[in-house]
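The values are calculated or read from the model by the stated rules, or taken from the named source; none is laboratory data. Source: prediction; values computed, not measured. Here the Cβ positions follow ideal geometry from the backbone for every residue, glycine too, while neighbour counts run over all protein chains shown. Accessible surface is based on the protein model in full, side chains and every heavy atom, while ligands, DNA and RNA are left aside. Shrake-Rupley method; radii C 1.70, N 1.55, O 1.52, S 1.80 Å.
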Number of protein chains: 4
Amino acid sequence: MSFNSFGRVLRFTTWGESHGPALGAVVDGCPPRLSLSEADIQPFLDKRRPGQSRHTTQRQEPDQVRILSGVFEGKTTGTPISLMIENVDQRSKDYGEIAQAWRPGHADYAYDAKYGIRDYRGGGRSSARETAARVAAGAVARLVIPEVQIHAWVAEIGGDAIDPANFDLEEIDRNPFFCPDPAAAQRWEALMDSARKAGSSLGAVIECAASGVPAGWGAPVYAKLDSDLAAAMMGINAVKGVEIGAGFGVARLRGEENADPMRPASDGSNRPDFLSNNAGGIAGGISTGQPVVVRVAFKPTSSILTPVPTVNKAGEATDIVTRGRHDPCVGIRGAPVVEAMMALTLADHKLLHRAQCG
Amino acid sequence: MSFNSFGRVLRFTTWGESHGPALGAVVDGCPPRLSLSEADIQPFLDKRRPGQSRHTTQRQEPDQVRILSGVFEGKTTGTPISLMIENVDQRSKDYGEIAQAWRPGHADYAYDAKYGIRDYRGGGRSSARETAARVAAGAVARLVIPEVQIHAWVAEIGGDAIDPANFDLEEIDRNPFFCPDPAAAQRWEALMDSARKAGSSLGAVIECAASGVPAGWGAPVYAKLDSDLAAAMMGINAVKGVEIGAGFGVARLRGEENADPMRPASDGSNRPDFLSNNAGGIAGGISTGQPVVVRVAFKPTSSILTPVPTVNKAGEATDIVTRGRHDPCVGIRGAPVVEAMMALTLADHKLLHRAQCG
Amino acid sequence: MSFNSFGRVLRFTTWGESHGPALGAVVDGCPPRLSLSEADIQPFLDKRRPGQSRHTTQRQEPDQVRILSGVFEGKTTGTPISLMIENVDQRSKDYGEIAQAWRPGHADYAYDAKYGIRDYRGGGRSSARETAARVAAGAVARLVIPEVQIHAWVAEIGGDAIDPANFDLEEIDRNPFFCPDPAAAQRWEALMDSARKAGSSLGAVIECAASGVPAGWGAPVYAKLDSDLAAAMMGINAVKGVEIGAGFGVARLRGEENADPMRPASDGSNRPDFLSNNAGGIAGGISTGQPVVVRVAFKPTSSILTPVPTVNKAGEATDIVTRGRHDPCVGIRGAPVVEAMMALTLADHKLLHRAQCG
Amino acid sequence: MSFNSFGRVLRFTTWGESHGPALGAVVDGCPPRLSLSEADIQPFLDKRRPGQSRHTTQRQEPDQVRILSGVFEGKTTGTPISLMIENVDQRSKDYGEIAQAWRPGHADYAYDAKYGIRDYRGGGRSSARETAARVAAGAVARLVIPEVQIHAWVAEIGGDAIDPANFDLEEIDRNPFFCPDPAAAQRWEALMDSARKAGSSLGAVIECAASGVPAGWGAPVYAKLDSDLAAAMMGINAVKGVEIGAGFGVARLRGEENADPMRPASDGSNRPDFLSNNAGGIAGGISTGQPVVVRVAFKPTSSILTPVPTVNKAGEATDIVTRGRHDPCVGIRGAPVVEAMMALTLADHKLLHRAQCG
């Protein structure tokens, strides 16, 4: 039940603050004899790494991961895998203003109210840097579910959505937005530039699909696959909404439109073919064999140059702007994090299913 | 990590199937010396109880709760509280068709794929009857958080939404829809009648607000209050989407629109006043002192009289209709369940906060 | 982390007080498609049932178990199994003295100090009746590990130990003491009669061996099989000591005496033969394939007719005697409970091992 | 439920192998605003550190701890505290023999049977070096329970016990054995020298007492304080037995001898005075306000120069001796580990009690 852990059998714990010496994750419960080296993890960290285009924060973090335990002669041993990423570019700056006043949209006030103390440097524990640890853990989880392919992409920035007709998975890695629609990517360049120049920021919607998930992962009633996915996604910084499959759209469907019809398998197997996937691959908390599909809403970055009214520790009204290096759209770098949380949740449920059902 | 439990300190476990002899919940970790009797629980079960209007299933279940342990001389003792509700109206019928074919939109196929066995009578464990146990547990949770007021209402049925201008909390209990807008309630009568007569069903959106939650409940990073709420809500049968505060709407806001500005407290306290509540009362996973606001999407009931294509156990294509007594809009009776899950999540986090922060 | 649950994957929660209407257990995580009916559970409850000889309490409890959920057409479905046992013989008596004064050796004072309230009727939740729920749950666990044979016996009463030379497993069920040594059983008749007539009580040591446990169950470092067994056994009422294998005896051995030597398997398998079993079948927290052996110390029943000095609620010195129907040696009926906890711990670790190692 | 975590609210996870680059612990759930620096932890590591006398292993490890997160300006922030200790003296040696044959008394065979892979260098994860991480975590736990004083000592080596009449707490730090009896300490010098010269090893019994624990910590039925302490202690490498209070001795007492009588408090408080402490400060799983007393049996070090029969990977009979630098009596350095586990268990239960009972 620890505050900083996630998962049931494949369980990981993260630690670290934005401006501490390092951050990391301990992945416990990983099956033995899987091939694992830093090279299996680094590419995923590189995707999330800041400073790769003008559209993300200019903080320069190499985000080099080190494996400190749990691997022997290139194989996992079944013991906890400790992953560490050093913080390199904690630029020294004056945090006086942030220390004294609560930034609206940030966790500053809530942390002070809860703990009576706050590491205000770069957001401390509530910094999006923590998600690097999840991405590293997620890379390990992927090894546990080689049968599954996971892809996340940005589906919408600032209200401007991709056109499904243009969807091309290959495009995702060809632009700085993880955008599968080249036309949208082009529009977003201008949108992002404009927001950044205005000292503002933009929200985003991420979509993620996992194919290859067999039917049967998940469990009723409180260890539902969708319930765990919702927790996983809502636990990502800046996320305010989660949908499975057709999501809120189901509320506007009739029963006969919503229920995904089945037909005998065209491949002759005893697995039925589904004719639609409003369920997002999950029924009754258990996977159906269809792609598991999630949509996640990211709020706009709260660290902006536009002044926002707030209160300082002396209890006086003031305005605050958050200088420094920030992502104008934190949702973009959320895509690799969503993928990681999808991988971690699925891998955990694979093992959990194996525990109960052999 | 059990499959049928929820909560960390105040933890409850439910059991029971739709057509078994009974269902129930064990609530563990409840503080001692709270006044508790069946009369504290029954009103909430009565709200959820079927058969109270023509718009819900005609199954007649008294849903009388019995407290079997954990209470002595009218007070909780700190030991587990066992709650039991007998199933009375398990009308005998022919389940042959359901036993032989998977109902689209239901958990039938997923259960068979996972367990290789399925209690097909009334949906077994995946029946919405299980939520009676949650509602009973939720009534206990409310006693743990007397400082909090929780209200859920139906905000939308079949795509027809309430008008915020008409919002009146008092109206909720005056119509069969938990609808705070009398005009919408009137429209929904016709909408529901039409769907029922068509052998179809409708989706719904439930909103729930908890006021009186002090700042400081919740925790980074994986025991976030919003993360746990998302799990709680997505774990309710038929739910496919969860939003906190402005939810998906945040993805279309600019940073300065989204961040809830603060001003010195008008009551002279050291708690700031917030000028908006896009955050839904939660920042960085921790409550801010504003109302905690959740929106939940329910799919239309999958048990409908309209035939849907499916597959039978012999692997042949067939159509299925689900006869019997079903809610034409399962979301309506979801409102008391959403309230219960809100109460359970908040009560758990109150205790959790007290554990760490005294 | 609930207070009244045990286990990780196969997890059970018990509820109920000595003089409430009923007590029970919810077993969660049980694999599907196991044959299960009340007849699989009742024999184990019958072994633990009071009133079967003059050497146990004369309370008459049929201890009839009912399965309320989780079983369909005689098979487990993978959903929670709710087991209930009604309390029948809660003889009405005057609890005034127990309500007013703390009985030494009992949990009375500790409960009052913790909860500020106490169900004093028959010990409430701290009554040994709670163990009936564990025995019922244990019977389910046995079905999960058909490859394992579990036997517990009383090895010592009041300091009088069995003679290993007389050990005969068949004898266990032939006397009222679960005693494998007929000569000791005969001596214990007199010992027990004498203690009972003196209004006193006796302690006991229970031994339990599980054979058929394959090598590989358990886990370093805090989910060790021996660590979990120690928790399981020390959690039984009246237990004050737990040993694995040679137990405290190892502290008096030299390294070369303690280490269990290995030799190539006589059956030609690649599992070694061990030449001794000081380790009690567990090394590094993981089973070795040898019998898992535990020894458990039970204190003498604290409910005795001999007056013991104590304090009443007015803060005055007084003496107390505990009238009523009590076991003169609570350890005897501990044997089926020790077996149950062994079964539950092993079954859980079997599933846990399967989760991680396939 | 992770395999390498311990605790419920104050929960820690350890990682690391004997011959990896480092080992560490993540402590989660620590209350905020406690003063914490490396200087609060290092003294406890120094007590456990090898190479301080000729009676412990000659491996030279500075065991310098680094705090990587969770502390800001000298205070805990309520976020996870990451502690890391680098391995410095992993002397390169030929592990061929250990890699090829299972050392009796070690976890070698069990690890291979479970995982199919084993980091054989210095015992890998099953090395006693892992306990350094627990000792570091335990130092943090002590800050959570300033009202409690914890002392562990060696009560017996190789069957030679201390004389209670000579017991002097001050002596513990004056000899290399954590021995409170100077006469015994002197005898043990010779005993240890003799065992070491014979290439053999000795077992030990550690006792630990915690005073200042208020009445009310702990919980029935499966989160009992004694149950959790038993798990904590039995989880330490080489431990095979755990006793609470009079332990196995209770099995030889009569009811009236065992029950600790109470008298009105001599200090006028409403807490009774107990006239004995056979219960070891715990009744019904809950602390009574008396000292919490535990006894723990450590087996003799299995790494000895005396040859022991075993089997190699080719399935052939062979003998093995374990060269290298080993503690002739691993129990001695167990004393700081027992203290750490006592601190961790009590601190967790303090927070747990606060959660439920305010």
- The listed residue being buried (at least 18 other Cβ atoms within 10 Å of the Cβ) and either on the phi < 0 side of the Ramachandran plot or touching a residue at least 12 places away in the same chain (Cβ under 8 Å) (or both), out of C:33, C:54, C:59: C:59
- Residue check: is residue A:229 part of a helix (DSSP H, G or I), within 23 Å of residue B:243 (Cβ to Cβ) and either open to solvent by 10 Å² or more (accessible area, probe 1.4 Å) or in contact (Cβ under 8 Å) with a residue 12 or more places away in the chain (or both)? yes
- Query: Which of the residues spanning region B:344-356 are open to solvent by less than 10 Å² (accessible area, probe 1.4 Å) and within 11 Å of residue B:213 (Cα to Cα)?
  - Reply: B:346, B:347, B:349
- Message: Need the failing condition index for residue C:277 against (1) away from chain D (no Cβ under 12 Å); (2) open to solvent by 10 Å² or more (accessible area, probe 1.4 Å); (3) of a type outside the set (A, V, I, L, M, F, W, C), just the number.
- Response: (1)
- Task: Identify, by number, the condition in (1) under 16 Å from residue A:213 (Cα atoms); (2) part of a strand (DSSP E or B) that residue A:289 doesn't meet.
- Result: (2)
- Task: Would you be able to say whether some residue in region D:262-276 is under 22 Å from residue D:157 (Cα atoms) and in contact with a strand residue (DSSP E or B) (Cβ under 9 Å, 6 or more places away or on another chain)?
- Result: no
- Query: Taking the condition under 24 Å from residue C:161 (Cα atoms), within 7 Å of chain C (Cβ to nearest Cβ), open to solvent by 50 Å² or more (accessible area, probe 1.4 Å) and more than 24 Å from the chain's Cα centre (by Cα), does residue D:263 pass?
  - Reply: no
- Flag if residue D:181 is more than 7 Å from chain C (Cβ to nearest Cβ), of a type in the set (D, E, K, R) and without any contact (Cβ under 8 Å) to a residue 12 or more places away in the chain: no
- State which residue is nearest to the other protein chains (Cβ to nearest Cβ) when the search covers only region B:336-358 and only residues that are at pLDDT 95 or above and farther than 17 Å from residue B:148 by Cα. B:355
- Message: It is to be established whether one or more residues within region C:36-44 are under 23 Å from residue C:176 (Cα atoms), in contact with a Pro (Cβ under 9 Å, 6 or more places away or on another chain) and open to solvent by 20 Å² or more (accessible area, probe 1.4 Å).
- Response: yes
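Listed here are the residues, each with its yes/no results for (1) more than 11 Å from chain D (Cβ to nearest Cβ); (2) within 30 Å of residue C:189 (Cβ to Cβ); (3) touching a His at 6+ places or on another chain (Cβ under 8 Å).
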{"site": "C:118", "(1), (2), (3)": "no, no, no"}
{"site": "C:123", "(1), (2), (3)": "no, yes, yes"}
{"site": "C:133", "(1), (2), (3)": "no, no, no"}
{"site": "C:138", "(1), (2), (3)": "yes, yes, no"}
{"site": "C:145", "(1), (2), (3)": "yes, no, no"}
{"site": "C:150", "(1), (2), (3)": "yes, yes, no"}
{"site": "C:171", "(1), (2), (3)": "yes, yes, no"}
{"site": "C:177", "(1), (2), (3)": "yes, yes, yes"}
- Hey, does region A:76-85 have a residue that's within 14 Å of chain B (Cβ to nearest Cβ) and either over 28 Å from residue A:209 (Cβ atoms) or open to solvent by 10 Å² or more (accessible area, probe 1.4 Å) (or both)? no
- Message: For the structure I just gave you, tell me whether residue D:24 is facing chain A (nearest Cβ under 10 Å), open to solvent by less than 10 Å² (accessible area, probe 1.4 Å), within 27 Å of residue A:31 (Cβ to Cβ) and under 18 Å from the mean Cα position of the chain (by Cα).
- Response: yes
- Those residues that are among the β-branched types (Val, Ile, Thr) and touching a Pro at 6+ places or on another chain (Cβ under 6 Å), I need them from region A:45-70; list them, please. A:56, A:57
- Item | Given (1) within 30 Å of residue A:267 (Cα to Cα); (2) open to solvent by less than 40 Å² (accessible area, probe 1.4 Å); (3) not in a loop (DSSP other than H, G, I, E, B), number of the condition residue B:306 does not satisfy | (3)
- Could you count how many residues in region B:151-171 are open to solvent by 10 Å² or more (accessible area, probe 1.4 Å), β-branched (Val, Ile, Thr) and closer than 19 Å to residue B:341 by Cα? 0
- If residue C:216 passes every condition in (1) touching a helix residue (DSSP H, G or I) at 6+ places or on another chain (Cβ under 8 Å); (2) assigned to a loop (DSSP other than H, G, I, E, B); (3) more than 7 Å from every other protein chain (Cβ to nearest Cβ) but one, which one does it miss? (3)
- Note on the structure: residue B:313 fails exactly one of (1) under 23 Å from residue A:314 (Cβ atoms); (2) exposed (fewer than 14 other Cβ atoms within 10 Å of the Cβ), namely (1)
- Task: Could you list, in sequence order, all residues of region A:10-21 that are at negative phi and within 7 Å of chain D (Cβ to nearest Cβ)?
- Result: A:11, A:13, A:15, A:17, A:20, A:21
- Item | Residues of region B:110-133 satisfying the condition of being touching a residue at least 60 places away in the same chain (Cβ under 8 Å) and outside any loop (DSSP other than H, G, I, E, B) | B:121, B:122, B:123, B:124, B:125, B:126, B:130, B:131, B:132, B:133
- Task: Restricting attention to region C:235-260, report how many residues are within 7 Å of chain D (Cβ to nearest Cβ) and either among the aliphatic types (A, V, I, L, M) or open to solvent by less than 30 Å² (accessible area, probe 1.4 Å) (or both).
- Result: 17
- Query: open to solvent by less than 30 Å² (accessible area, probe 1.4 Å), outside any loop (DSSP other than H, G, I, E, B) and more than 9 Å from chain C (Cβ to nearest Cβ) - does that describe any residue in region D:324-331?
  - Reply: no
- For region B:330-355, enumerate the residues that are among the charged types (D, E, K, R) and touching a residue at least 60 places away in the same chain (Cβ under 8 Å). B:333, B:339, B:348, B:350
- Pick out the one residue from C:71, C:65 that is more than 28 Å from residue C:193 (Cα to Cα) and open to solvent by less than 30 Å² (accessible area, probe 1.4 Å). C:65
- Item | Single residue of region C:191-213 satisfying the filter (more than 9 Å from every other protein chain (Cβ to nearest Cβ) and in a loop (DSSP other than H, G, I, E, B)) that is nearest to residue D:112 (Cα to Cα) | C:213
- Item | Residues of region A:97-111 satisfying the condition of being of a type outside the set (A, V, I, L, M, F, W, C), at negative phi and open to solvent by less than 30 Å² (accessible area, probe 1.4 Å) | A:103, A:104, A:108, A:109, A:111
